[in-house]
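J.: Let me begin by handing over the structure; questions about it come next.
The values are calculated or read from the model by the stated rules, or taken from the named source; none is laboratory data. From a predicted model like this one, the values you see are computed outputs, not experimental measurements. Neighbour counts are summed over all protein chains in view; Cβ atoms, including those assigned to glycine, are modelled from backbone coordinates with ideal geometry.
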Amino acid sequence: MPTILLALGTNLGDRVANLARARDLLAQTILIQAISPIYETEPWGVVNQPMFLNQTLQGETDLDPEALLDLAKDIEQAMGRIFGEVRYGPRIIDIDILAYEDLVFKSPRLTIPHPRLPERAFVLVPLADIAPDWRHPLLGKTVEEMLAGVDASGVSPFTSSC
């Protein structure tokens with residue numbers, strides 16, 4: 001089965017519970033192999049909104065990339081995400097496909113690897129916990145090398161007892 005890397009993010013409601021529910025729903029279809037710690041991060045894109053919790057997962061799936069995207073969108077919708085709102089605005093859950101093996105894929109709905117992966121510390125920091133040596137198939141850089149090139153000062157381990 002292909003190995004995949006996913007990113008989860010949430011900044012509305014019970015953020016910890018949102019991540020747990022998304023993981024549980026994903027685990028019904030995906031064999032989850034590794035889960036990063038949770039990080040609290042400053043908003044990206046639209047900055048006037050609550051802080052995010054972010055986490056990454058590594059897993060295996062029989063789904064092709066488009067079917068995996070459908071699964072992610074179905075879970076987001078089932079959890080109450082409203083699409084068509086402000087891009088990069090507040091959300092109950094966001095599930096992004098970061099990588100699918102070493103595949104380079106582009107369709108009208110999906111680009112793999114995720115096109116903004118190399119610039120997003122809120123993804124690279126947790127990804128470095130579970131896949132530091134994964135190499136971006138277009139850039140040739142590992143996660144650790146990409147992380148060294150971004151400002152990660154807005155990314156902090158989440159330590160709440162919630």
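J.: Among the residues of region 104-121, write down those that are in a loop (DSSP other than H, G, I, E, B), touching a helix residue (DSSP H, G or I) at 6+ places or on another chain (Cβ under 7 Å), farther than 18 Å from THR3 by Cα and not small (Gly, Ala, Ser).
T.: Residue satisfying the conditions is ARG109 alone.
J.: Mind counting the residues in region 85-118 that are more than 23 Å from GLN28 (Cβ to Cβ), surrounded by 13 or more Cβ atoms within 10 Å (Cβ to Cβ) and acidic (Asp, Glu)?
T.: Result for region 85-118: 1.
J.: Still on this model: Need the failing condition index for ILE82 against (1) at pLDDT 95 or above; (2) exposed (fewer than 14 other Cβ atoms within 10 Å of the Cβ), just the number.
T.: Result: ILE82 fails condition (1) only.
J.: Further question on the same structure: Could you check how many residues of region 122-145 are touching a helix residue (DSSP H, G or I) at 6+ places or on another chain (Cβ under 7 Å) and closer than 20 Å to GLY9 by Cα?
T.: 8
J.: May I pose another question? Do we find that LEU25 is closer than 19 Å to VAL123 by Cβ and either buried (at least 18 other Cβ atoms within 10 Å of the Cβ) or modelled with pLDDT under 95 (or both) in this structure?
T.: Considered against the rule, which asks whether it is closer than 19 Å to VAL123 by Cβ and either buried (at least 18 other Cβ atoms within 10 Å of the Cβ) or modelled with pLDDT under 95 (or both), LEU25 comes out as no.
J.: Now for a separate question. Restricting attention to region 104-133, report how many residues are touching a residue at least 40 places away in the same chain (Cβ under 8 Å) and not basic (Lys, Arg).
T.: Of the residues in that region, 14 qualify.
J.: Hey, another quick one. Would a scan of region 64-76 turn up a residue that is in a loop (DSSP other than H, G, I, E, B) and surrounded by fewer than 18 Cβ atoms within 10 Å (Cβ to Cβ)?
T.: Yes, some residue in region 64-76 is in a loop (DSSP other than H, G, I, E, B) and surrounded by fewer than 18 Cβ atoms within 10 Å (Cβ to Cβ).
J.: Out of the residues in region 134-162 meeting the condition of being free of Cβ contacts under 8 Å to residues at least 24 places away in the same chain and in a helix (DSSP H, G or I), tell me which one is surrounded by the most Cβ atoms within 10 Å (Cβ to Cβ).
T.: For region 134-162, the residue satisfying everything is VAL143.
J.: Just one of LEU19, LEU31 is under 28 Å from LEU103 (Cα atoms) and under 15 Å from the mean Cα position of the chain (by Cα); which is it?
T.: None of the other options fit; the residue is LEU19.
J.: Could I ask something else about it? Within region 2-50, count every residue that is at negative phi and assigned to a loop (DSSP other than H, G, I, E, B). Reasoning before the result, please.
T.: Kept after step one, since they are at negative phi, are these residues of region 2-50: 2-12, 14-44, 46-50.
In the following step, the residues that additionally are assigned to a loop (DSSP other than H, G, I, E, B) were identified as 2, 11-12, 14, 28-30, 36-38, 42-44, 46-50.
Selection size over region 2-50: 18.
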